[in-house]
Amino acid sequence: MTTVLEATDLGKSYRGRWALRDCSITIPAGHVVGIVGPNGAGKSTLLNMAAGLISPSAGTIEVLGATPGASPSQLDKVGFLAQENPVYPGLSIADHLSLGSHLNPSWDQEFAHDRIRALDLNQRQRAGKLSGGQRAQLGLTMALAKRPDLLLLDEPVASLDPLARREFLQQLMDTVAGRDVSVVLSSHLVSDVERVCDYLIVLASSKVQVAGDVDDLLAMHHRLIGPRRDTATALANQHVIEASHTDKQSTLIVRSDGPVTDPDSTIESISLEDLVLAYMTKAKAEIVGNQGSDS
Amino acid sequence: MTWLAWRQFRTQAIIALGVAAVLAVFVLFTGPHLHHLFETVVRHCAKHNDCNPVTSNFRRLGHWGNALSILVILVPALIGVFWGAPLIARELEGGTFRVAWTQSVTRMRWATTKLAVVGLASVVTAGLFSLLVTWWQSPYDSLSRSPYSTFDSRDVVPLAYAAFAFALGVALGCVIRRAVPAMASTLAVFIGVRIAVQQYLRPHFLSPIHIVTNFVAPGPSTGPVSDGSGNGWSISSVLKNAAGKVIGQNGGIGPNGNIDFRGLGNGVVKFVGVGTCPNKFPSELRSGGGKTAQGPPPGVQRAVEKCVDSFHLKNVLTYQPGSRYWTFQWIEFSLYLTLALALIGFSVWWIRKRIS
């Protein structure tokens, strides 16, 4: 399996504050990858570095085997839709498509025109007058018309209303389906990711908490509900991700590499949302724990 | 990339072309008539100072001269504010740099193309305005005492001002990252630099020439005299006493700039701001005053002259001769062009290294 993105000990600091730190990540090709995590986890920083917009303060990142943004040919292979879906307010949709065709050797003008027509947008309209959803669609059209090998979408639906959100993701899936393109999108909402992604990366506290094929992850994680017990004495080949206790019973979310057998507990499968929340909670607890030991 | 740079600049370019076209129509419409009047009539009558009856047309047109000069001075500032400052700042502010930098051109090519297209347009625009106004104004300029009086709005310096203003706007836009604050600070810094250069640097581009003359008492018939700088740029004219101390400026003495004699009684007279006259004055000079301009009697006038001579006052005129005009134009041109190139270099470095 080839990788589209490989980061090693990647870090980015702004005026001494780390936006992303010690991030090591490998993203395989041929997936629709969702990066989820709380706001400020470093998702945007990671994607901007992958697009070559910002350079690392520490570590290395390679995208499609090269330094991001280093050369026109590397830029040509990566489509990027930035957060907030920026467009040139004074330029029309047609101008944006001309911009793309002038600046990208592999630009597919026919595809771009067709897609704008299918979206029922007027080419002469100024981009500044478009709604958030339309801006996102224009940005996606521009990113796709480059015929990229990798599509990076930074919170593409964050500014959209629920209906536009669903439409956007649906159309993204329809367009990407027949193509040989890897997609990496970030979101702070699991529901967005759940709808379209087959590969999940949970990024919290600027660290990769868990990464893997969505189906594999769901098969590996379980909720165990049983009599109250100490989480330190977890079962072999199981990692406790999150534990909550009442007087009588303990609820554990565990990752297990093999089949789970626990005669004392009820074993349930968990939703993707539960899984992500468990990892985020764990990351937060570790931060609090670290801060506690520091002081 | 040139397409995008031009597409983003198109509206501003059309506005500038519109203003330039209006100016060109005015200049080309009135200019030939003006030059004809000058060549056939004014050039000759100006020598004898009797142009009044024949040149009302010539003088009426001349009222436009100040407005045109101000226009040439304004154009570089407007270029810096409206073309330079928003060029990068607006992209950073609106996030559109993320669109531009993820197309298949490197950000260096993006930056250099934008800077080249708009920077070149800035210099060409300023050059066009300066050329039109310099030509139109040339009859009036040839009648004016010194070419330095219109130094900032003629010939080559406006081009360098425009290059500098543009580069300053770009650099401040890169650092400030927001268009409107960048525009405001561009205007402020540009005005500050222009004033500072004009006040403190330009007088010293080349060592000025000093002319030392003996100060003579102004007589009753003394009219306005030439200060000796000819068609040059008079930088200062100071009066020094025998010890070399500055006691007055521009032919006047003391803070009021008057030349004032005051009788202290018994024929003793004080030369205000200089000292007490060694010679006695006739009684006509009454206590309490007697300014030279009032036309004192001949006896008093002689006593005044004698007193003034006794102090050995020197008038020191400092000036740049008119023959250095073009040297000064090119020095100032080079100065601003160097600043502009340094700022462009800084901006490119900043875009490459710091915006990341």
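Okay, here's what the table says:
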item: Check on B:I79, away from chain A (no Cβ under 14 Å) and surrounded by fewer than 21 Cβ atoms within 10 Å (Cβ to Cβ); result: no
item: Filtered residue count, region B:238-247, keeping only those that are touching a residue at least 12 places away in the same chain (Cβ under 8 Å) and farther than 17 Å from B:T276 by Cβ; result: 3
item: Failed condition for A:S24, given (1) in contact with a Phe, Trp or Tyr (Cβ under 9 Å, 6 or more places away or on another chain); (2) more than 9 Å from chain B (Cβ to nearest Cβ); result: (1)
item: Qualifying residue in region B:113-125 (condition: of a type outside the set (G, A, S), without any contact (Cβ under 8 Å) to a residue 12 or more places away in the chain and in contact with a helix residue (DSSP H, G or I) (Cβ under 9 Å, 6 or more places away or on another chain)); result: yes
item: Hits in region B:319-356 - residues which are touching a helix residue (DSSP H, G or I) at 6+ places or on another chain (Cβ under 8 Å) and of a type in the set (V, I, T); result: B:I344, B:V348, B:I351, B:I355
item: Subset of region B:205-241 [touching a strand residue (DSSP E or B) at 6+ places or on another chain (Cβ under 9 Å), modelled with pLDDT of 85 or more and not in a strand (DSSP E or B)]; result: B:F205, B:L206, B:P208, B:G232
item: Top-ranked residue in region B:132-148 [being among the polar types (S, T, N, Q) and assigned to a helix (DSSP H, G or I); ranked as nearest to B:G232 (Cα to Cα)]; result: B:S142
item: Residue identified as more than 10 Å from chain B (Cβ to nearest Cβ) and either surrounded by fewer than 21 Cβ atoms within 10 Å (Cβ to Cβ) or within 24 Å of A:I54 (Cβ to Cβ) (or both) among A:H113, A:H102; result: A:H113
item: Within region A:233-247, tally of residues that are assigned to a loop (DSSP other than H, G, I, E, B) and at pLDDT 70 or above; result: 3
item: Failed condition for A:A278, given (1) at pLDDT below 85; (2) within 30 Å of A:W18 (Cα to Cα); (3) not polar (S, T, N, Q); result: (1)
item: Residue selected from region B:113-143 under the condition within 14 Å of chain A (Cβ to nearest Cβ) and of a type outside the set (K, R), by the criterion nearest to B:M1 (Cα to Cα); result: B:T113
item: Filter result for A:L64 (buried (at least 21 other Cβ atoms within 10 Å of the Cβ) and within 14 Å of another protein chain (Cβ to nearest Cβ)); result: no
item: Which listed residue is free of Cβ contacts under 8 Å to residues at least 24 places away in the same chain and surrounded by 15 or more Cβ atoms within 10 Å (Cβ to Cβ), from A:A204, A:A243; result: A:A243
item: Unmet criterion (only one of (1) at pLDDT below 90; (2) surrounded by fewer than 16 Cβ atoms within 10 Å (Cβ to Cβ); (3) under 28 Å from B:P203 (Cβ atoms)) for B:W326; result: (1)
item: Qualifying residue in region B:89-102 (condition: modelled with pLDDT of 95 or more, away from every other protein chain (no Cβ under 14 Å) and surrounded by 23 or more Cβ atoms within 10 Å (Cβ to Cβ)); result: yes
item: Filter pass, A:Q134 being away from chain B (no Cβ under 14 Å) and within 19 Å of the chain's Cα centre (by Cα); result: no
item: Test: residue in region A:70-79 that is more than 8 Å from chain B (Cβ to nearest Cβ), in contact with a strand residue (DSSP E or B) (Cβ under 9 Å, 6 or more places away or on another chain) and of a type in the set (A, V, I, L, M); result: no
item: Residues of region A:36-62 satisfying the condition of being in contact with a helix residue (DSSP H, G or I) (Cβ under 6 Å, 6 or more places away or on another chain), modelled with pLDDT under 95 and in a strand (DSSP E or B); result: A:V36
item: Among (1) more than 10 Å from every other protein chain (Cβ to nearest Cβ); (2) within 27 Å of A:D192 (Cα to Cα); (3) more than 15 Å from the chain's Cα centre (by Cα) - the single one A:G59 does not satisfy; result: (2)
item: Any hit, region B:19-41, residues being modelled with pLDDT under 85, in a helix (DSSP H, G or I) and in contact with a Phe, Trp or Tyr (Cβ under 9 Å, 6 or more places away or on another chain); result: yes
item: Region A:85-99: number of residues that are within 12 Å of another protein chain (Cβ to nearest Cβ) and either surrounded by fewer than 18 Cβ atoms within 10 Å (Cβ to Cβ) or among the β-branched types (V, I, T) (or both); result: 5
item: Residue pairs meeting the criteria (Cβ under 8 Å; at least 6 apart or on separate chains; first under 20 Å from A:T3 (Cβ atoms) and at the interface with chain B (Cβ under 10 Å from one of its Cβ atoms), in region A:33-52; second surrounded by fewer than 24 Cβ atoms within 10 Å (Cβ to Cβ) and among the β-branched types (V, I, T)); result: A:N48/A:I54; A:M49/A:I61; A:G52/A:T67
item: Qualifying residue in region A:157-167 (condition: surrounded by 18 or more Cβ atoms within 10 Å (Cβ to Cβ) and within 13 Å of chain B (Cβ to nearest Cβ)); result: no
item: Region A:188-201 - residue that is assigned to a helix (DSSP H, G or I) and of a type in the set (A, V, I, L, M) and, of those, surrounded by the most Cβ atoms within 10 Å (Cβ to Cβ); result: A:V193
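The values are calculated or read from the model by the stated rules, or taken from the named source; none is laboratory data. Here the structure is a predicted model, which means the values were calculated and not measured. Glycine also receives a Cβ, built like all others from the backbone with ideal geometry; neighbour counts cover every protein chain displayed.
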